[in-house]
Every structure is written in structure tokens, then in C-alpha cells.
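Visitor: Below you will find the structure I want to go over with you.
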Amino acid sequence: MFSYKIPKFNIKLNTRKLSIFFTAVYVLSLIPMLVLGFYDFPSADDFSMALETRQYFVQNGDFFGTVLASLQKSWVVYSQYEGYFFSIILTCICPSVFGESFYFLTPFLVLGMLTFGVCYFFDALFVRAWQLDKDLTNAVRMLTLFMMVQCLNGAGTRVEAFYWYSGAINYTFTFGMAFFWLGLLLRSVYEADEKKRFRKLVWASIWAFFMGGANYLSALELAICSVLLLFVFVMVKLEKFNIQGVDAAQRKAFGRIWIPLVINLIGFSFSCFGPGNSNRFAETTQMSPVKAVFVSLYNTFDMLFNDMTRWEVIVILFMLVPVFWKMAEGLKIRLEHPVLFSLFAFLLVSSNMTPPIFATANIDAGRLKALAFMEFVFMLVLTEFYLTAAARQYFDEKYVKDIMQVGSDGSDTFSPVFSMIIASCIVILALGSALSIKPEPDYYSCTSAFYDIAGGSAETYKQENADRLRILRDDSIKNAELTEYSVHPEMLFYMDVTPDSNEWINQATAKYFDKETTVLLPKNN
């Protein structure tokens, strides 16, 4: 036999430095994605939804008049085809209206709003409402955003979530705004200054109506939250519920929260009962509401758990356990309903998929899958925090605190045990990612973008679109013949015209560029 000693690593990770590290990782992961935006090009609904807006700008060159024209087009669409009015307004003001060169703004707008919204909500909940550590909160939101953006996978999800404007602005952008609105609600109660609370209430009331007119996935979830918060509001008024962790001024501010909640439900009603919805329903195959609910519950397991959740998400969630354990030491309120909250989170994620399943009997579009996955990841993080914090509160009360303080001691560093867990997870993520990227360069969103740029496919795609533009902008050509793309970058290519000039996408492209017809020619022609 032989004896040996395992080396001991007595490291203590600093919360501030860890926050900076995760922020750097997330920001660096966005750089190739934003650079890829300069190779982006409009397609499909970008031409049909922004048609009248584009025509007005070409004829008049007036920015404010163009915005007004987008509102007029939005009213036509709302009256005749779709109900979600806020998303329509955003779609009709596509950056390419002012020139195709401005289309690069798409990922900047979408990723910017998603990042801002998630950060704003976490700050409002963890820092403002629960007064938890800022550095730990930032680490959590950076890791959450990394999972939402970089770990998104599946055919068509990334291009529709971040680069195809009509899909990205309708779903991902308004999804980010939903977090911003919820953050406003929280800050309208928990801000320390009375004037700031009132300003947040005003902004929450203004945006409440518009968020009711966002895409139905986000709008339905916000409507559910509004109904639940109104129920809590009524129960507090009846003295059946008690709000923890608020002073007299904040309790008074909570007495006004019904205003944005009711306005949000009014906006959602305008969307649901929009006159254009009946025409849209006539063109699609619906599913019964009851069946749609059960299919949504099933898809939460089948699509989100089974198909879209990869190993790195599991590792990051495991790494968050010591972070949440340390955060919970500053939590002054009691989290007493872990089972109920977990059920709420699961049902809310499932409700995200119900509108498209009810309206079209499927959830096949990449933008729908992307939004469902991002919501799923976000609620996983909140549920994990709730369960971890509730567990810590339980053990701190039941056992000697000195024993259970293994993860934290009130300082700005993690214990050696928790530091080793976090460091080990980081190493596993680094090595596992290298092994995954080697055979599959598009494994992460950022590596897919980098691969397309470095490999030249993005540049080829850009050049071929420039060649197309010369044809489409040539007034002497009335029947545009476009050559098929030689490359199809995973995050840039969404949909193309076809050899059939009668296809809707061909007709939309022809009208947008003032052509009689557009057709697609094979590459060898």
C-alpha cells in the first residue's frame, strides 16, 4: 500500500472581482455578435411591414413624418390583421426604412434592451426591494444573460431572436421591455425617495398600456402578473396579507400600484379584442384552449428541458447555488412557499407557449422557441434563488448558525469550500466549451458569429446582398432577377425570395423596391 496527500487549495474568491469577471465574460461574448450585425440584411416581413413607412421616407425624407407614417400603417394592420399594437408599431419602423445600411442596428437594439431589462429587474428585486449585495446581484444577472443569449440553440432561433428585425423587435426586444416594466413596478414601491417612487409609478403607468399590446407571449405573462398583483393588492387592503420589509411611506406607495396594473390589463384587452384578429384567425389553424394549455405544459418538458437545455446551463445553475446561499444571508424577509413558487414558475413558463399553440397549433418558429427558452432560463434562476434562500433560512433556524455559515461569514469573500465549487465550475465550463466548440463552431451564439466573420461567410453574404441592391435600386430594371446566395450564415440568413414571383415574399420585395416582379435564379445561372 501507499499513502499520499491531496493538495489543499485555500482560496477565497472576492465577490467584487467575481462580479467584474462575469461582466467581462458576458460583454466580450457580445462583441462578435454586435460586429456580425454590420453584415446583416433585411428580409421577409421587413419589406412588407415597413413598406408604406419606407415609401414615405423615400418621397419626403422627413424623419418625424416617417414615424407618423409608421403609426398609420400600424393602425391599418391592427384594424385588419393583428391585435398586438405595440409590437406592430415597432415592426413598422424598421431601421432599413432609412437605408439598408442602418439595418446593423438590429442586434444593438435587441441585445441592448434585453440586457438592460434583465439588469433593471434584478436590481429592482434583489437590491432595491430585498437590499441584497450589489456585486452578487450583478454576478447573477450576468450569468443569467449569458445563458439566455449564448446558450440559445435550435434551428432558426438565433437569427429570429437577434438579427431578423421583424422577429427580434417583436419578441426579444419587447421581452426585455417586460422586465423593465416589472422593475418599474417594484421601484415605484421600494425606492427610498418619494419623488423617485412617484416618477417610477408614472412611467410604469405609461408603459403599462403599451406592454399590454406587446407580442402575445410577453403580454399574456404580464397580464397574469397584473392579475396576481391585483389579487395581492386586494388581500393587503382587506388585511389578509402583509407586505414584509416596507416602511410606512412604501406601504402607501403600494396603495397606488393598482393604477399601472389596471392600465396594463386594459391594453391587453385592446390587443385581444383587436378587430384584425378575426381575419388572422381565419388564415390559421387553431387549437382548443384547453388542449393548448395541456400541450404547453408538455412542451415545457419536451422542448425546453429535453431539447434545448444543454450541459453548460446545468453547470451554471450549479455554480449559482453558493452565490445564492451567500446572497441569502442578507435577506430580511421570509420565503415560506418554495413549492408554490416553483409551481408558479413552471406554469408561467408554460403560459409563454400557449398563445402560439392556441393560434397556430404549433410553436415551430425560431423566435417563439427563443423567447420560451429565455423565459425558461430566467424562471429557473429565480426558482433556484427561492429554493436556496428558503433552505438557508430553514437550516439557520433549525441548526447552529456557526455550522451552517460554511458558505459565508458576512464578508465580501466566499468561503474556501464555496470558492472551490465556483472555481471548479468555471474550469469545467472553459474545458467543456473548448471541447464543444472544436467540432461545432456555432455551439454558442458568440462563437457562431465569430466563425462566420473569421471564415468569410459573413463577408460573402454582405457582398452578395450589395450585388442584389444594385439590381433592386436600378430604376431601369422592372423585373428583378436575384441570384441565389452561395452562403447561408446561421445567424444572418432567415428567408429568401423564391423562383415563383407570385410568392408573398417575392411580391413584398418587389413592392418595397418598386419593381414589377422579383424572382430567384439558381447560383449557376
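None of the figures in this text is laboratory data; all of them are computed from the coordinates on show. Remember, predicted model here, so these are calculated numbers, not experimental data. Quick reminder, even Gly has a Cβ in these numbers, built from the backbone with ideal geometry, and neighbours come from all protein chains shown.
Visitor: Working from Cα positions, state the angle (0 to 90°, nearest 10) between the long axis of helix 289-299 and the longest principal axis of the chain.
Guide: Once rounded, one gets 70 degrees.
Visitor: Which shape class applies to the range 1-118: rounded if a/c is under 1.5, otherwise prolate when a/b exceeds b/c and oblate if not, where a ≥ b ≥ c are the square roots of the Cα gyration tensor eigenvalues?
Guide: prolate
Visitor: Compute the angle between helix 105-122 and the longest alpha-carbon principal axis of the chain, please, reported from 0 to 90 degrees and rounded to the nearest 10.
Guide: For 105-122 against the chain, the angle is about 20 degrees.
Visitor: Further question on the same structure: Kirkwood hydrodynamic radius, computed over distinct alpha-carbon pairs, for the range 408-525: how many Å, to one decimal?
Guide: The answer is 18.0 Å.
Visitor: May I ask you to work out the translational diffusion coefficient for the range 168-306 at 4 °C, viscosity 1.567 mPa s, via Stokes-Einstein with Rh from the Kirkwood sum over Cα pairs, reported in whole µm²/s?
Guide: Diffusion coefficient, whole number: 77 µm²/s.
Visitor: Rounded to the nearest whole Å³, what is the per residue volume of the convex hull around the Cα atoms of the range 58-206?
Guide: Dividing the Cα hull volume of the range 58-206 by its residues yields 140 Å³.
Visitor: Give me the Kirkwood hydrodynamic radius of the range 143-242, using the inverse of the mean 1/r over all pairs of distinct Cα atoms, in Å to one decimal.
Guide: 15.5 Å is the Kirkwood radius here.
Visitor: Report ³J(HN,Hα) in whole Hz for each residue of the range 56-70, in order, from the Karplus equation J = 6.51 cos²θ - 1.76 cosθ + 1.60 where θ = phi - 60°; Gly and Pro get x.
Guide: Computed from phi, the couplings for the range 56-70 are 5, 5, 4, 7, 10, x, 9, 5, 5, x, 5, 4, 4, 5, 5 Hz.
Visitor: In terms of the ratio Rg/(2.2 N^0.38 Å) built on C-alpha atoms, what value belongs to the range 115-194?
Guide: 1.25
Visitor: In whole Å, what are the Cα extents of the range 149-208 along the three principal axes, biggest one first?
Guide: 48, 22, 12
Visitor: Work from the charge dipole of the chain (Cβ charges, +1 for Lys and Arg, -1 for Asp and Glu, about the Cα centre) and give the residue of Ser269, Leu469, Leu185 farthest towards its positive end.
Guide: Leu185
Visitor: If you find the alpha carbon centre of the range 235-313 and of the range 72-136, how far apart are they in angstrom?
Guide: 18
Visitor: Calculate the all-directions average of the projected area of the chain's alpha-carbon convex hull, and give it in nm².
Guide: 30.0
Visitor: Turning to a different aspect of this structure: Taking the alpha-carbon distance from Lys134 and a cut-off under 13 Å, which aspartates and glutamates remain once sequence neighbours fewer than 8 residues away in the same chain are dropped?
Guide: Excluding near neighbours in sequence, the set is Asp123, Asp412.
Visitor: Moving to a separate point now. Using a Cα-Cα cut-off of under 20 Å, which lysines could be cross-linked to Lys462, ignoring same-chain neighbours fewer than 8 residues away?
Guide: Of all the lysines, those that pass the test against Lys462 - Cα under 20 Å, at least 8 places apart if same chain - are Lys523.
Visitor: Okay, next question. What are the ³J(HN,Hα) values, in whole Hz, obtained from phi via the Karplus relation 6.51 cos²θ - 1.76 cosθ + 1.60 with θ = phi - 60°, for each residue of the range 11-26 in sequence order, with x given for Gly and Pro?
Guide: My calculation for the range 11-26 gives 9, 10, 6, 7, 5, 5, 5, 5, 4, 5, 4, 5, 5, 4, 4, 5 Hz in order.
Visitor: Output the relative contact order of the chain, whole-number percent, from Cα pairs under 8 angstrom with separation of 6+ residues.
Guide: Taking the mean separation of contacting Cα pairs over the length of the chain, I get 21 percent.
Visitor: Provide, as a two-decimal number, the C-alpha radius of gyration of the range 477-525 over 2.2 N^0.38 Å, N being how many residues it has.
Guide: Against the compact-globule rule of thumb, the ratio is 1.14.
Visitor: Extending each Cα 7 Å along its Cβ direction at Gln131 and Ser342, get the distance between those two points in nm, one decimal.
Guide: It works out to 3.0 nm between the two label points.
Visitor: May I pose another question? Would you kindly state how much longer the chain becomes between Val202 and Ala248 on full extension, computed as 0.36 nm times their sequence separation minus their alpha carbon distance, in nm to one decimal?
Guide: Extending this stretch completely gives an extra 14.5 nm.
Visitor: By how many degrees, 0 to 90 and rounded to 10, does the Cα axis of helix 366-398 deviate from the longest principal axis of the chain?
Guide: 10
Visitor: Further, regarding this structure: For the chain, what does the helix formula give at 222 nm: sum of -39500 (n - 2.57) over DSSP H segments with n ≥ 4, over the residue count, nearest 500 deg cm²/dmol?
Guide: -20500 deg cm²/dmol
Visitor: Oh, and also: What is the Cα centroid distance between the range 443-477 and the range 325-396, reported in whole angstrom?
Guide: What the calculation gives is 38 Å, centre to centre.
Visitor: If you don't mind, another one. Report the paramagnetic label zone for Ala365: residues of the range 91-119 whose backbone N is under 14 Å from a point 7 Å from Cα along the Cα-to-Cβ axis.
Guide: 91-92
Visitor: Using the structure shown, list the pairs from Lys196/Lys326; Lys17/Lys326; Lys17/Lys438 with a Cα-Cα distance above 19 Å, or answer none.
Guide: Lys196/Lys326; Lys17/Lys438
Visitor: Around Thr483, which amide H atoms from residues at least 5 apart in sequence, or from another chain, sit under 5 Å from its own amide H, with H modelled in the peptide plane?
Guide: Placed amide hydrogens put Leu521 under 5 Å from Thr483.
Visitor: Follow-up. Would you kindly derive the ³J(HN,Hα) couplings of the range 136-144 from the backbone phi angles with the Karplus curve 6.51 cos²θ - 1.76 cosθ + 1.60 (θ = phi - 60°), listing them in order in whole Hz, with x for Gly and Pro?
Guide: Each residue's phi maps through the Karplus curve to give 5, 4, 5, 4, 5, 6, 5, 5, 5 Hz.
Visitor: Which value, to two decimals, describes the C-alpha radius of gyration of the range 334-393 once divided by 2.2 N^0.38 Å?
Guide: 1.35
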